[in-house]
Amino acid sequence: MRDASPQTIYLKDYKPPEYLIHDTDLNFTLDNESTRVVASLTMSRNPASKADDSALTLLGENLTLVGVQLNGDILSTDRYLQTPEALVIHDVPQHEKFVVTIENTLNPKANTALEGLYLSKNMLCTQCEAEGFRKITYYLDRPDVMSRFTTTLVGDKDKYPVLLSNGNKKAQGELPDNKHWVTWEDPFNKPCYLFALVAGQLECVRDSFITQSGRRIALEIYVEAHDLDKCDHAMQSLKNAMSWDEKTYGLEYDLDLYMIVAVGHFNMGAMENKGLNIFNTKFVLARPDTATDSDYEHIEGVIGHEYFHNWSGNRVTCRDWFQLSLKEGFTVFRDQEFTGDRTSKAVKRIEDVNALRTRQFAEDAGPLAHPIRPDAYIEINNFYTLTVYEKGAEVVRMLHTLLGPQGFRKGCDLYFQRHDGQAVTCDDFVNAMEAANDVDLTQFRRWYSQAGTPVLTVSEHYDSDAQTLSLTLKQDNPPTPGQPRKEPLHIPIKTGLILPDGNLAQCRLQGSDQVSHKIVLELTDTEQTFVFEQLPQKPVISLLRGFSAPVKLKMQRSLEELAFLLSHDPDTFNRWEAGQLLAGRVIAELVDDLQNGRSLEINPVLIEAYLKIAQNCWLDLSYFALLLSLPSEIYLAEQMPVIDVEAIHTAREFVACQIAKHLEDDLRGLYLDNHRDESGCFDAKAIGRRRVKNVCLGYLSKLDDTEIQRWSLKQFDTAKNMTDQIAALSVIVNTQHPARATCLDAFYRQWRDEALVLDKWFALQATASPPDTFDAVERLLKHPDFDLKNPNRVRSLVGSFSQANPLHFHAANGQGYRFLADRIIELNTLNPQVASRMIGALTQWRRYDEARQALMKGELERIMSTEAISKDVYEVASKSLA
Ligand code: PHE
Ligand code: ZN
C-alpha cells in the first residue's frame with residue numbers, strides 16, 4: 001500500500017501557466033534502450049499569470065537528466081532541483097525571453113506502460129495524451145501551453161529507415177556510422193500532448209486528396225510490410241472524412257501532409273497527433289477475409305474521429321484536462337454523424353444508444369459517476385470515459401436538436417472563428433452557440449456539471465370532450481457521489497403523435513401556433529404538462545424520438561401499444577425501441593417466473609410481433625437485423641434492481657428458442673434468401689444481407705437440428721469474408737456443435753499470423769456460454785500467443801471475459817472475480833492504464849446479490865493492498881469501495 005494517498009487535482013484550482021514556451025526544438029538520438037533527447041525551449045514569463053515566482057518548474061517522469069543550460073550556460077547542480085516528478089530551475093529571467101536546454105535519456109524498451117516513447121515490436125513510437133510528454137523530456141506538460149515544434153530525429157538507417165514527426169519534412173541527411181537524420185517542422189502552435197514521433201521499418205501506402213480550395217494533400221499510411229494489403233479501406237475512409245468535414249462543417253485540412261501509423265501495442269483506439277495520427281492496428285487494418293463488416297465500419301469511424309480532431313481538438317484545443325469533453329464529446333458527435341451519413345443513420349443511432357445505455361448508464365449510476373466535465377481527478381487517464389466521450393456527444397447532440405442543424409452550424413462557425421489557435425473551455429463552446437443563435441443556454445449548462453442519468457416519468461391523459469391530450473413529464477435527477485442534490489435540466493424531447501390507423505396527427509401545442517407532425521418539447525422544470533389540442537381521437541404518443549436526450553424513460557405502456565408502435569412508428573429509433581421494450585418486458589416477466597419457481601411460457605404477443613417483423617419487407621437490411629435481435633443480457637441487467645445473471649441468461653435463451661421454434665420457416669427462408677457466396681462486397685445491401693442471415697443462423701442454431709449444424713459448418717468452411725466465418729464459428733462455439741474443437745483449431749491454424757484475427761479467437765472463447773468457459777479462459781491465459789504486455793490481447797481475453805460474459809464472470813463461487821483481480825494486480829506494474837480499465841466489471845459490485853457483493857468487494861480490497869499501487873488503479877479501486 002502506498003503510504004500517502006495520491007493527490008487530487010481540482011478544476012477550481014486552475015491557474016494560467018506561469019511561463020510560456022514559444023519554440024520547442026527537439027533533438028532525438030534514437031535507440032531502443034537508451035534514447036537521448038535534447039530539448040531547447042524558448043520561453044518567457046506569462047503576462048496572464050498572477051503568480052510571482054522566479055523559479056521555473058518543468059514536469060518530467062522516469063527520465064535520466066544529463067544536463068541543463070540557461071541561455072547557453074551550463075547550470076551547476078545548485079541552480080536547479082530534481083524531484084521524481086519535476087525539474088525546478090531556481091532563477092530564470094523575468095522580463096525577457098530565455099532559452100532552457102535540457103538533455104536527458106530514457107529507455108523506450110522498458111516502457112511497458114505505453115505512455116511517452118515506447119517500443120511496439122521493433123517500432124519506436126510515442127503516446128503523449130494526456131500527460132505522456134513528461135516521460136520524454138522536462139516540459140510544461142499542460143494543454144494550455146502551446147508552442148511551435150521543430151523535431152530532429154537521428155538514428156540507424158537499418159533499424160529506423162523511416163523517421164516521422166509532426167508537420168512538414170524540412171530537411172534530411174546522412175551521418176557517419178550508418179546513421180541518418182530528418183528534421184520536421186510543425187507550423188501550427190500546439191500543446192505537447194499532440195506531439196508524436198515514429199521510427200522504424202515501416203512500409204507506406206500513398207494517395208492524395210484535393211481540398212475544396214484546390215490544395216493537394218499527400219496522404220500516407222505507414223504499416224509493417226506484412227500489412228500493406230490491408231490499408232485500402234483506411235485510405236478511402238480518410239478521404240471520405242476529409243470531404244465530409246468540408247461539406248458538413250466547411251472545414252479544410254491545413255498541412256500539406258497527413259500521416260497515419262498503425263501500431264500493434266496501443267492503450268486506446270487512436271491518437272490525433274498533429275499531422276501524424278498514431279492508430280491501434282485494430283482501427284486501420286482490414287481485408288475482407290480478416291475484418292468483419294463492423295470492423296470496416298469502426299475503422300471508418302475512428303479514422304474520421306481522429307481526422308475531425310484536427311479542428312475540434314487541435315486547432316482549437318482544451319485549456320485543461322477537465323475540459324476533455326470539449327474536444328471528445330464534440331468529435332464523437334461529429335464521427336457519429338459521419339458514420340450515419342456513410343452507412344445507415346437509423347442503424348448507427350441504435351448502435352450508439354445501445355452502447356450508451358449499457359455501458360455509460362452503468363458508469364453514471366455507479367461509484368465512479370462524474371459529470372461530462374469532471375471537477376476533480378487523481379489520474380486523468382481514468383477520465384477517458386464513456387461519460388466524457390459518449391454522454392459528451394449526447395450533450396452536443398442535444399444542442400444540435402435545440403438549435404436545429406443551421407443554428408448548430410452557425411454556433412460551430414463562430415466557435416472556430418473565435419478560438420482558432422487557442423486552448424479553451426466547454427463554456428466557450430456553449431457561449432459560441434448562444435451568441436450565434438441569440439439564445440440563453442444558462443440552464444442547459446448544467447449538463448456539463450451534473451452527473452447521473454435523469455429519470456423521466458411520463459403520464460398522459462386524454463380528454464375526449466376537449467379533444468386534448470395532456471402529457472405530464474417529470475424529471476428526477478438521482479444523487480451521485482459528491483452531488484447529493486441536483487437542479488432540473490433542460491431536456492429536448494422529440495415527439496410525434498400516431499393515430500390508431502397508423503397516420504400521423506398534427507401536433508398543436510397549447511400556447512403555440514406552430515403546427516407540425518413532429519415537435520421538440522423542451523422540459524426545463526422538475527414537472528411540466530404539455531397539452532396537445534384538436535385531437536378527435538386518442539393518438540399513441542411517440543416520445544424521445546431518435547433518443548433525443550440521454551435519459552431513462554418511464555412510461556406505462558401496454559404490450560399491445562408497444563406492438564402498435566413497432567408496426568407504425570415512422571421514427572426508426574422508436575420503432576426499434578418498441579420491439580426492445582416489448583422483448584424486455586417479456587423477458588423480465590420470465591425472470592420473475594424463474595425466481596419464483598414457475599414454469600416458463602412464452603407470451604404470444606412477442607411471437608406475433610416478431611413474426612410481423614420477419615414477414616415485413618425491409619429496405620435497410622441492417623436495420624431489419626437489429627429489429628430481429630433481442631436486447632443484450634447486459635442491457636437487461638441494467639434494468640434490474642438486483643442483477644440475477646443466471647435468470648437473465650436462462651430467460652433470454654428461452655425466448656430466443658421460442659422465436660426460433662415459432663418462426664422457424666421464416667428464419668430458414670431468410671437465411672437461404674440472404675446467403676451469397678461473396679467476399680469483398682461492402683455495399684449496404686451486402687452488409688445487410690450478412691447481418692440478417694447471421695441473426696437468423698443464431699436463432700436457428702438454438703433448435704439443435706443437425707441440418708442447421710451442417711449449415712453453420714458449411715458457412716464456416718466456405719466463408720470468403722470474416723463476417724460470415726466468425727458468425728458461423730460463434731454459433732458453433734456456443735452450441736456445443738460436434739465440430740466445435742476442430743473448428744476452433746482450424747481457425748487458429750488459419751489465422752495464427754494475424755494478430756487482430758487471433759484477438760477475435762481469444763474473445764470468442766472468452767465470451768462463450770458453455771459450462772467449460774472458465775477453464776478455457778484459464779487455459780488461454782497460458783497460451784503461447786497470450787501476452788499481458790499487449791493491450792489488444794488483454795482486452796480480447798480478460799476484457800471480453802469480465803465485461804461481456806456476465807454468466808461466467810459472475811460465477812457464484814467467485815472464480816471469475818479472483819481471476820480478474822489477479823490480472824489487474826499483474827497489470828498494475830506493467831501497464832497501469834490498462835489495469836485500471838480492467839477493474840470496470842468489479843466497480844459495479846453494488847448491483848449484485850449479497851454473496852457476490854462480498855466476493856467482489858473482497859477482490860477490490862485485495863487490489864487496494866497491491867504493493868506499489870499505481871495512481872490509476874488506486875483511484876478506481878478506492879472510489880469503487882467508498
Ligand atoms: N484522444 C484520443 C481520441 O479520442 C484518445 C486517446 C487518449 C488516445 C489518450 C491515447 C491516449 O481520439
Ligand atoms: Zn478523440
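The values are calculated or read from the model by the stated rules, or taken from the named source; none is laboratory data. These numbers come from a predicted model, not from an experiment. Don't worry about glycine lacking a Cβ; one is built from the backbone with ideal geometry, like all the others, and counts go over all protein chains shown.
Key figures
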{"read-out": "Tally of residues being in a loop (DSSP other than H, G, I, E, B) and among the aromatic types (Phe, Trp, Tyr) across region 176-219", "value": "1"}
{"read-out": "Any chance Ala365 is over 14 Å from the mean Cα position of the chain (by Cα) and within 16 Å of ligand 1 (Cβ to nearest atom)", "value": "no"}
{"read-out": "Filter result for Glu337 (touching a residue at least 60 places away in the same chain (Cβ under 8 Å), more than 14 Å from ligand 2 (Cβ to nearest atom), in a helix (DSSP H, G or I) and not aliphatic (A, V, I, L, M))", "value": "yes"}
{"read-out": "Residue in region 226-235 that is assigned to a loop (DSSP other than H, G, I, E, B), closer than 26 Å to Arg795 by Cβ and more than 16 Å from ligand 1 (Cβ to nearest atom) present", "value": "yes"}
{"read-out": "From the options Gly313, Gly329, Gly301, residue that is without any contact (Cβ under 8 Å) to a residue 40 or more places away in the chain and not aliphatic (A, V, I, L, M)", "value": "Gly301"}
{"read-out": "Region 168-204, residues that are within 27 Å of the chain's Cα centre (by Cα) and within 16 Å of Ile221 (Cα to Cα)", "value": "Ala196, Leu197, Val198"}
{"read-out": "Inter-residue pairs, beta-carbon under 6 Å, first over 22 Å from Lys720 (Cβ atoms) and aliphatic (A, V, I, L, M) and in region 683-707, second assigned to a helix (DSSP H, G or I) and at pLDDT 95 or above, 6+ apart", "value": "Leu703/Ala660"}
{"read-out": "Enumeration of residues in region 186-212 that are among the charged types (D, E, K, R) and within 25 Å of Ala130 (Cβ to Cβ)", "value": "Asp186, Lys190"}
{"read-out": "Residue identified as touching a strand residue (DSSP E or B) at 6+ places or on another chain (Cβ under 6 Å) and either of a type outside the set (S, T, N, Q) or assigned by TED's automatic domain parsing to the domain that holds Asn792 (or both) among Ile299, Ile278", "value": "Ile278"}
{"read-out": "Identity of the residue in region 499-508, of a type outside the set (S, T, N, Q) and surrounded by fewer than 20 Cβ atoms within 10 Å (Cβ to Cβ), that ends up farthest from Leu544 (Cα to Cα)", "value": "Asp501"}
{"read-out": "Matching residues in region 334-372 - criterion: being aliphatic (A, V, I, L, M) and in contact with a Phe, Trp or Tyr (Cβ under 7 Å, 6 or more places away or on another chain)", "value": "Ala346, Val347, Ile350, Val353, Ile372"}
{"read-out": "Of the criteria (1) surrounded by fewer than 16 Cβ atoms within 10 Å (Cβ to Cβ); (2) assigned to a loop (DSSP other than H, G, I, E, B); (3) modelled with pLDDT of 95 or more, which one Asp31 fails", "value": "(1)"}
{"read-out": "Whichever residue in region 261-311 is within 22 Å of Phe149 (Cβ to Cβ) and of a type in the set (Val, Ile, Thr) and, among such residues, is nearest to ligand 2 (Cβ to nearest atom)", "value": "Ile278"}
{"read-out": "Residue within region 301-310 that is buried (at least 24 other Cβ atoms within 10 Å of the Cβ), among the aliphatic types (A, V, I, L, M) and away from ligand 1 (no atom under 13 Å from the Cβ) present", "value": "no"}
{"read-out": "Answer from Thr387, Thr343, Thr442 - the residue that is over 22 Å from Asp245 (Cα atoms), crowded, with 20+ Cβ neighbours inside 10 Å and modelled with pLDDT of 95 or more", "value": "Thr387"}
{"read-out": "Some residue of region 4-18 being surrounded by 18 or more Cβ atoms within 10 Å (Cβ to Cβ) and either at pLDDT 95 or above or on the phi > 0 side of the Ramachandran plot (or both)", "value": "yes"}
{"read-out": "Cβ pairs under 7 Å, 6+ apart, first in region 367-388 and within 16 Å of Gly482 (Cβ to Cβ), second modelled with pLDDT under 95", "value": "Ile378/Pro6"}
{"read-out": "Residue among Gly452, Gly482, Gly496 that alone is on the phi > 0 side of the Ramachandran plot and buried (at least 18 other Cβ atoms within 10 Å of the Cβ)", "value": "Gly452"}
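For every residue, the table says whether it meets (1) more than 16 Å from ligand 1 (Cβ to nearest atom); (2) closer than 21 Å to Tyr193 by Cα.
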{"position": "Ala376", "(1), (2)": "yes, yes"}
{"position": "Ile380", "(1), (2)": "no, yes"}
{"position": "Tyr389", "(1), (2)": "no, yes"}
{"position": "Met398", "(1), (2)": "yes, no"}
